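Here is the structure we will look at, set down as structure tokens.
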Amino acid sequence: MTKLANRITAIAVLAYMAYFLLLTVFSHKENRSADENRALAGRPSLSLSSAADGSAARDMSAYIADHFPFRTEWLKLNTRLRSGIAEDIVNGVFISDDMLLDAKTSERRINNGSVAAVNSFASQYGGALYVAVIPTSSGVYRERLPEYLDYYRESQQISDFYEKLSVSIKRIDAYNILKMLNENYIYYRNDTKWTSYGAYCVYRTVIQKLGFLPTTFDKYTVRHVTSDFRGNLYNRSFCTAADADILDFYYYPNGAEVVSCTGYYNSGRTADKKIYDERQLSSDYMYSAYLGDDVPLLKIKTNVNNERRLLVIKDSYADCFIPFLLQHYSEIDVVSPELLDEPVSSVVELSDYEQTLILFGIENICRNGILSPLEG
């Protein structure tokens, strides 16, 4: 009887393995994972050289892992099991009571290449240069993190970066503004970035530094366009402990209007763009509804009649911030250096701008090479 039971068990296990193998091989393959907001591994090409150097095995392993049947459901189950046994960190994401936080902030260090790039840009630019480095949610809500994750604070990271900049560069302290307002909904619960309201709070200080009076909050009509946003921290952890987030569009009914919004690609192709692109709300990453899909250069023209032009050099933190600038400039040119394949000075004529704002999240300031197009 024991032998029969063992045989039945062995057959069942083999059948189970064969079933999942067949599903992995023959099931429909997606190119992207909406839940993880990333491209999935493609089918590897096998060759003698790839077999010899081991890359074929690595590529095949990645392919199988990315296309394993019911992968998303397994990952979500894994998160529930780990959080159920009081494991607070899943794939580098700390699970707080009501929000997710990046647990890897203590691993970051200011990249000296970023410092050199900004200083190089300042040396070739004749106008007024402003820099605003934005903390992540983990930086502003650091008291929620375990003490052992908090030995190198984002406030110190930002201060270190500012201290290394040339004296001619005007630094804007976003950290203390956001820290003071941290009881408000200024950061997403499922993403490292600030909300539109968080961006507005910093805008009030930035625009005064740039020489304008800020538009008061009561002038805006705020539209909640979705309450189902789950961002990059959810993509990493698959944790649903925190409520989904709200995305807001800010409109100024009696204010300046956008005359044109044009995206420029490295290939020379252009495309009409929108400040708020609602089509992106059905995409893998809803946050891209702010300014739409990222492009190397975005030129925005308004009906503000002051002939003032602003250059903004930015990462994704600025996407929900830029709409607040529309009331003050006749033209705003927006450069995403990460997407450029040539220096910023080759894409725009720097002498056309009296003011330039560099606005980046601390995450990208610590990345290698992202600001290198500012040099040259």
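The values are calculated or read from the model by the stated rules, or taken from the named source; none is laboratory data. Please read these numbers as outputs of a predicted model, since none were measured by experiment. Cβ: placed from backbone, ideal geometry, glycine included. Neighbour counts: every protein chain shown.
Take Glu331 and decide whether it is under 29 Å from Thr215 (Cβ atoms) and surrounded by fewer than 20 Cβ atoms within 10 Å (Cβ to Cβ).
Yes: the conditions hold for Glu331.
Among the candidates Arg223, Arg279, which residue alone is among the basic types (Lys, Arg), surrounded by fewer than 14 Cβ atoms within 10 Å (Cβ to Cβ) and within 23 Å of Gly198 (Cβ to Cβ)? Break it down stepwise before answering.
On the way: Arg279 fails: within 23 Å of Gly198 (Cβ to Cβ).
None of the others qualify; the one that does is Arg223.
Please count how many residues of segment 153-184 are touching a residue at least 60 places away in the same chain (Cβ under 8 Å) and not acidic (Asp, Glu).
Here is the first cut: in segment 153-184, the ones touching a residue at least 60 places away in the same chain (Cβ under 8 Å) are 154, 157-158, 161.
Cutting the leftovers down to not acidic (Asp, Glu) gives us 157-158, 161.
Qualifying residue count for the region: 3.
Which residue out of Tyr265, Tyr234, Tyr290, Tyr251 is more than 30 Å from Ala122 (Cβ to Cβ) and either at pLDDT 95 or above or in contact with a strand residue (DSSP E or B) (Cβ under 6 Å, 6 or more places away or on another chain) (or both)?
Within the list Tyr265, Tyr234, Tyr290, Tyr251, the selection yields Tyr251.
Could you identify the single residue in Cys201, Cys239 that is in contact (Cβ under 8 Å) with a residue 60 or more places away in the chain and either assigned by TED's automatic domain parsing to the domain that holds Ala128 or small (Gly, Ala, Ser) (or both)?
Details: Cys201 fails: in contact (Cβ under 8 Å) with a residue 60 or more places away in the chain.
Step by step, each of Cys201, Cys239 is checked, and only Cys239 is in contact (Cβ under 8 Å) with a residue 60 or more places away in the chain and either assigned by TED's automatic domain parsing to the domain that holds Ala128 or small (Gly, Ala, Ser) (or both).
Count, please, the residues in segment 358-376 that happen to be surrounded by fewer than 24 Cβ atoms within 10 Å (Cβ to Cβ) and among the acidic types (Asp, Glu).
Count: 1.
Being at pLDDT 85 or above and farther than 29 Å from Asn182 by Cβ: is that true of Ala116 here?
Yes.
Pick out the one residue from Ala122, Ala117 that is crowded, with 16+ Cβ neighbours inside 10 Å, assigned by TED's automatic domain parsing to the domain that holds Ser237, under 22 Å from the mean Cα position of the chain (by Cα) and not in a strand (DSSP E or B).
Ala117
Of the residues Val167, Val206, which single one is surrounded by fewer than 16 Cβ atoms within 10 Å (Cβ to Cβ), within 16 Å of Val131 (Cα to Cα), of a type in the set (A, V, I, L, M, F, W, C) and in the same structural domain as Asn254 (by TED's automatic domain parsing)?
So the residue among Val167, Val206 that is surrounded by fewer than 16 Cβ atoms within 10 Å (Cβ to Cβ), within 16 Å of Val131 (Cα to Cα), of a type in the set (A, V, I, L, M, F, W, C) and in the same structural domain as Asn254 (by TED's automatic domain parsing) is Val167.
For segment 265-286, what are the residues that are aliphatic (A, V, I, L, M) and farther than 23 Å from Leu233 by Cβ? Spell out the reasoning first.
First, the residues of segment 265-286 that are aliphatic (A, V, I, L, M): 271, 275, 281, 286.
Matches in segment 265-286: Ala271, Ile275.
Each row is one residue, and each column tells you yes or no for (1) assigned to a helix (DSSP H, G or I); (2) assigned by TED's automatic domain parsing to the domain that holds Lys273; (3) of a type in the set (A, V, I, L, M).
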residue	(1), (2), (3)
Asp333	no, yes, no
Asp341	no, yes, no
Ser345	yes, yes, no
Thr356	no, yes, no
Leu359	no, yes, yes
Asn364	yes, yes, no
Asn368	no, yes, no
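Looking for whichever is under 27 Å from Phe217 (Cβ atoms), surrounded by fewer than 16 Cβ atoms within 10 Å (Cβ to Cβ) and either free of Cβ contacts under 8 Å to residues at least 12 places away in the same chain or small (Gly, Ala, Ser) (or both) here; the options are Gly268, Gly292, Gly231, Gly255. Which one fits?
Gly255
Considering only residues that are more than 23 Å from the chain's Cα centre (by Cα) and either free of Cβ contacts under 8 Å to residues at least 40 places away in the same chain or closer than 25 Å to Leu101 by Cβ (or both), which ones fall in segment 125-149?
Pro146, Glu147, Tyr148
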